[in-house]
Each structure stands twice: as C-alpha cells, then as structure tokens.
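What follows is a short report on a single structure.
The values are calculated or read from the model by the stated rules, or taken from the named source; none is laboratory data. It should be emphasised that the depicted structure is a prediction, and the values quoted were computed from it without experimental measurement. Glycine gets a Cβ as well: all are built from the backbone with ideal geometry, and neighbour counts include every protein chain shown. Please note that ligands, DNA and RNA were not included when accessible areas were found on the heavy atoms of the full protein model with its side chains. Shrake-Rupley method; radii C 1.70, N 1.55, O 1.52, S 1.80 Å.
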Amino acid sequence: MPKEYALIDCNNFYASCERAFRPDLRGRPLVVLSNNDGCIIARSNEVKDLGVGMGTPYFKCKAQLERHGIAVFSSNYALYGDLSARVMRVLTRFCPHVEIYSIDEAFVDLSGIPGGATQFARRLRATVEQWTSIPVSIGIGPTKTLAKLTNKFAKQQPRCHGVFNLNTSPDPDRVLRWTEIGDIWGIGPRHAKRLRKLGVNNAFDFRSLKQDWVKKKMTITGLQTLLELRGLPCHGLEAGPVSKKTIVSSRSFGHPVTSQEHLLEATAQYATRAAEKLRKQRSVASHILVFLQTNKFRLGQPQYSNTVSIPLIVSTAHTPTLIKAAQAGMTRIYREGYAYKKCGVMLSGLEASNGRWLSLLDIPPDAHSRHTPIMEAVDACNARWGRDTVKFAASGINGSWRMRREMRSPRYTTTWDELLGVQT
C-alpha cells in the first residue's frame with residue numbers, strides 16, 4: 001500500500017491565536033512582536049499583502065502599522081502553547097499516527113484511511129477550526145518532504161481550499177516547478193544559493209539531478225531529500241518527541257540590568273525553566289553553561305560578555321542543584337559597571353534519567369528520598385494551576401528585569417484572572 005503522509009500546519013499561528021478570542025479582529029491586519037517588542041515574528045495575510053517583512057524591527061515600521069490600522073500584540077506564549085496543545089489533541093483523537101513537529105505543525109500517516117485521504121483531510125481541517133478556532137492547511141504526499149512542499153501549495157492556492165493531495169493530482173510536476181529551490185525542506189540557504197548558480201531553481205530541477213552528484217556535493221542528507229522528492233520515503237514518523245541534545249533558556253531583559261542580585265534572580269529563573277524541560281523529556285544533565293552579555297548595539301557604552309561552563313558531579317534534573325550551580329557560575333563571570341542586556345543557561349551532556357552513568361562515591365541529588373517526589377509535585381502543580389504557581393524563591397518576587405510585553409493580550413486559557421467574562 002502506498003504511503004500517504006500529511007503535514008498539518010496552522011495558518012499564521014500566532015496571529016490566529018490572537019484572533020481566536022477576539023472575533024472583532026477577523027479581517028483586520030495583525031502582527032505579533034518578539035520578546036521585548038523588538039521585531040515582527042508573525043503576520044496575518046493582510047499584513048503580508050501590505051509588504052511588511054518578517055523580522056522587521058518594530059520601531060522602523062511603527063508609523064506604517066499605525067497608518068494602516070494594524071493591530072499589534074506582544075508575544076503571548078502561554079496562550080500559543082495552550083492552543084497548540086488543543087490542536088494536537090484533536091489530531092491525536094482522529095489520526096492513528098501523529099508526529100508533533102513544532103508548535104504549529106504535525107505529520108500524520110493517512111495511509112489506508114477509509115474513504116480516501118483527501119476527504120478525511122477536509123473533515124479534519126473543518127473539525128480543527130470548529131473546535132479550536134485555528135485554521136489549518138493540509139498537504140498530502142507519498143513522503144514527508146513532498147507533504148511539506150504540498151502543504152505550502154495548499155496554503156497559497158485559494159482553489160485548494162486548504163487541502164491538496166499530490167497523490168491524486170493530475171499534474172504533480174506542476175507543484176514541483178512551482179516550489180522554489182530554497183523552499184524545499186532539507187535544503188538550506190547555502191546549498192540553495194549554490195544550486196541556483198547551476199541553474200537548479202525549483203524542486204523539479206533538483207529532482208532531475210544525478211544521485212551520485214547530489215550525494216557527493218550535499219552528503220547523505222541531500223540524497224535523502226532527492227529520493228523523497230522522487231516519492232521514495234526516507235523519513236518515517238517519529239514515535240514520540242525527539243529528545244534534545246542541549247536545552248537553552250534565555251531572554252533579553254526588559255531594560256538594562258546592572259545589579260548582581262537581579263542577574264542572579266534571572267539566572268535562577270532560567271535554570272528553573274531549563275530543568276522543567278529536562279524533566280519533561282526524562283533526561284538529566286552533566287554540564288551547565290552560564291552566559292551574560294551587554295547590548296552590542298549601544299555604541300559608546302562599555303561592552304562585556306562572558307561564559308562559564310560548570311561540570312556537575314553527578315548528572316541531575318534537580319532544580320535546586322542546577323540553580324546553585326548556575327548562580328555560582330554567574331557570580332564568577334559578573335563584573336560591575338556594565339549594563340547587561342541578556343543572560344541565560346544551557347544544559348548539555350544530556351542522557352536518559354534511567355540510564356545515566358553514576359559515581360560510586362556520590363549519591364545523585366534527585367535520588368534523595370524526598371527530591372524526586374518534590375520535583376514531581378512542583379511540576380504537577382504548575383501543570384494544573386499554571387506556570388509559577390509554585391516557584392523557587394531564588395527567582396525573586398517582583399522580577400523587574402523580566403522582558404517587556406506592553407501589548408500582550410490576556411492569557412485567556414491559563415490564568416483565572418484573565419478569563420473572558422460572559423454576560424447574559
């Protein structure tokens with residue numbers, strides 16, 4: 001039986017999340033800004049039509065946005081994360097095999113679906129939008145690369161109505177000719193630039209190349225992309241989320257920070273976030289790296305940046321142990337007299353918590369009789385009642401250093417005080 005992979009991608013996801021609880025915004029151009037309201041990271045279709053580019057600094061286009069009446073929002077990751085989870089729950093309810101690829105994308109295997117993959121995809125698309133208010137596009141192909149390529153075609157061609165199946169298309173080569181070489185999943189900017197110089201401008205041209213040449217010039221990764229474009233599956237669905245090799249937690253501050261106390265609070269907060277992710281994938285870390293830096297774009301101000309890597313005696317996911325190590329590292333690299341823009345932590349040397357190397361002399365911190373239950377209780381409370389319902393005192397209370405989000409929408413689904421009110 002031929003494979004039928006589908007990529008389900010949420011349309012303009014962040015912008016769609018902002019509209020989900022604000023029907024008055026439907027049809028109105030809308031953008032979402034990055035941390036500290038720096039750059040545009042999401043645009044509605046109306047904004048794309050106006051020519052406002054992704055990544056444009058907000059201060060450069062503020063007048064243009066105001067002139068066109070464009071709604072502007074700070075990033076609201078609590079809302080985006082919760083709506084993403086709702087979309088994925090709908091997919092896992094109706095699809096037998098689902099691979100969550102990112103916050104707004106998932107691959108599913110529709111091979112052998114009764115009634116045909118196209119009709120099933122249309123019903124699934126309607127159900128996701130009805131249950132979550134998030135519009136999605138679905139591309140179907142014999143491989144994951146072709147499904148991803150087809151998804152973009154479905155999204156940008158109005159006559160597809162959000163669903164396109166390459167397997168039933170009378171002219172599949174047309175889709176390949178329509179796809180720019182740089183838009184192919186697995187071909188980066190450097191290879192795309194090189195291929196254009198050789199006259200390879202789209203997916204159809206790339207598919208026609210010789211296998212030996214592609215393997216020699218683009219390694220096995222390029223060869224797999226070539227074979228997938230020819231309809232030969234090289235990538236199956238992942239059974240579960242792929243564990244990360246490193247975990248980074250970092251943010252720019254809402255304003256320059258000079259106080260060591262505030263830097264230590266921020267370091268503890270980022271170590272806490274990294275530890276949460278570490279436990280979520282059931283891993284432990286053997287190294288922690290701490291870094292800080294000033295704003296290099298502030299000319300005329302003294303500049304300083306530094307990092308320190310700290311090996312842990314025993315690999316752990318115990319938050320207090322990680323906070324203690326991170327703060328010790330921050331104390332070592334902190335220097336007075338500078339206005340700091342950013343700091344963060346990175347956990348590395350990750351390994352499965354049930355298969356780590358242990359020392360004969362040191363007891364793992366989370367092997368203590370109380371540590372593991374306490375961490376599990378903290379994670380459970382925060383998962384049920386919202387992030388930071390239970391937090392570590394080392395992270396501080398006021399958090400004046402936190403990033404600036406002056407135009408953030410309410411956290412409609414995760415904070416009691418910000419729930420929508422209904423009047424009858």
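Descriptive notes on the structure:
- Selection count, the range 225-266, where residues are out of contact with any Leu (no Cβ under 9 Å at 6 or more places or on another chain), within 26 Å of residue 204 (Cβ to Cβ) and either among the small types (Gly, Ala, Ser) or buried (at least 19 other Cβ atoms within 10 Å of the Cβ) (or both): 2
- The one condition in (1) over 30 Å from residue 58 (Cα atoms); (2) open to solvent by 50 Å² or more (accessible area, probe 1.4 Å); (3) touching an Asp or Glu at 6+ places or on another chain (Cβ under 9 Å) that residue 407 fails to fulfil: (1)
- Residue that is farthest from residue 235 (Cα to Cα) [pool: residues in the range 140-173 that are buried (at least 19 other Cβ atoms within 10 Å of the Cβ) and small (Gly, Ala, Ser)]: 162
- Remark: pairs (first residue in the range 116-138, under 14 Å from residue 165 (Cα atoms) and at pLDDT below 95; second residue among the hydroxyl-bearing types (Ser, Thr, Tyr) and not in a loop (DSSP other than H, G, I, E, B); Cβ separation under 9 Å; 6+ apart in sequence or on different chains) = 116/168; 117/168; 118/168.
- For the range 16-41, the set of residues classified as free of Cβ contacts under 8 Å to residues at least 40 places away in the same chain, over 13 Å from residue 409 (Cβ atoms) and out of contact with any Ser or Thr (no Cβ under 7 Å at 6 or more places or on another chain) consists of 23, 26, 27, listed by residue number.
- Taken over the range 15-34, residues that are in contact with a helix residue (DSSP H, G or I) (Cβ under 8 Å, 6 or more places away or on another chain), of a type outside the set (A, V, I, L, M, F, W, C) and within 22 Å of residue 60 (Cβ to Cβ) amount to 3.
- Hits in the range 89-115 (condition: closer than 20 Å to residue 13 by Cβ, among the β-branched types (Val, Ile, Thr) and either in contact (Cβ under 8 Å) with a residue 60 or more places away in the chain or touching a strand residue (DSSP E or B) at 6+ places or on another chain (Cβ under 8 Å) (or both)): 92, 98, 100, 103, 108
- Candidate set: the range 410-424, residues that are open to solvent by 70 Å² or more (accessible area, probe 1.4 Å) and either closer than 14 Å to residue 80 by Cβ or acidic (Asp, Glu) (or both); chosen: the one farthest from the chain's Cα centre (by Cα): 417
- Remark: residue 41 matches the filter, which requires a residue to be among the β-branched types (Val, Ile, Thr), touching a Leu at 6+ places or on another chain (Cβ under 7 Å), surrounded by fewer than 18 Cβ atoms within 10 Å (Cβ to Cβ) and not in a loop (DSSP other than H, G, I, E, B).
Okay, residues lined up against (1) assigned to a loop (DSSP other than H, G, I, E, B); (2) among the β-branched types (Val, Ile, Thr); (3) modelled with pLDDT of 85 or more; (4) surrounded by fewer than 14 Cβ atoms within 10 Å (Cβ to Cβ):
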{"position": "362", "(1), (2), (3), (4)": "yes, no, no, yes"}
{"position": "373", "(1), (2), (3), (4)": "no, no, no, yes"}
{"position": "378", "(1), (2), (3), (4)": "no, yes, yes, no"}
{"position": "383", "(1), (2), (3), (4)": "no, no, no, yes"}
{"position": "387", "(1), (2), (3), (4)": "yes, no, no, no"}
{"position": "391", "(1), (2), (3), (4)": "yes, no, yes, no"}
{"position": "394", "(1), (2), (3), (4)": "no, no, yes, no"}
{"position": "398", "(1), (2), (3), (4)": "yes, no, no, yes"}
{"position": "401", "(1), (2), (3), (4)": "yes, no, no, no"}
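- For the range 411-421, the set of residues classified as touching a residue at least 60 places away in the same chain (Cβ under 8 Å) and either in contact with an Asp or Glu (Cβ under 9 Å, 6 or more places away or on another chain) or of a type in the set (A, V, I, L, M) (or both) consists of 411, 412, 413, 414, 420, listed by residue number.
- Output for the range 42-83, where each listed residue is more than 17 Å from the chain's Cα centre (by Cα), on the phi > 0 side of the Ramachandran plot and touching a residue at least 12 places away in the same chain (Cβ under 8 Å): 69
- Pairs are defined by a Cβ separation below 8 Å, a sequence spacing of at least 6 or placement on different chains, a first member in the range 159-174 that is touching a residue at least 12 places away in the same chain (Cβ under 8 Å), and a second member that is exposed (fewer than 12 other Cβ atoms within 10 Å of the Cβ); the pairs so defined are 167/2.
- None of 272, 267, 221 is touching a Cys at 6+ places or on another chain (Cβ under 8 Å) and not in a loop (DSSP other than H, G, I, E, B) except 267.
- Members of the range 297-328 that are touching a residue at least 40 places away in the same chain (Cβ under 8 Å), surrounded by fewer than 16 Cβ atoms within 10 Å (Cβ to Cβ) and under 21 Å from residue 251 (Cβ atoms): 298
- Considering 278, 292, the condition of being in a helix (DSSP H, G or I) and either crowded, with 16+ Cβ neighbours inside 10 Å or β-branched (Val, Ile, Thr) (or both) is satisfied by 278 alone.
- Residue that is nearest to residue 136 (Cα to Cα), among those in the range 72-88 that are touching a Lys or Arg at 6+ places or on another chain (Cβ under 9 Å) and open to solvent by 10 Å² or more (accessible area, probe 1.4 Å): 82
- Tally of residues being of a type in the set (A, V, I, L, M) and either open to solvent by 50 Å² or more (accessible area, probe 1.4 Å) or over 32 Å from the mean Cα position of the chain (by Cα) (or both) across the range 332-348: 1
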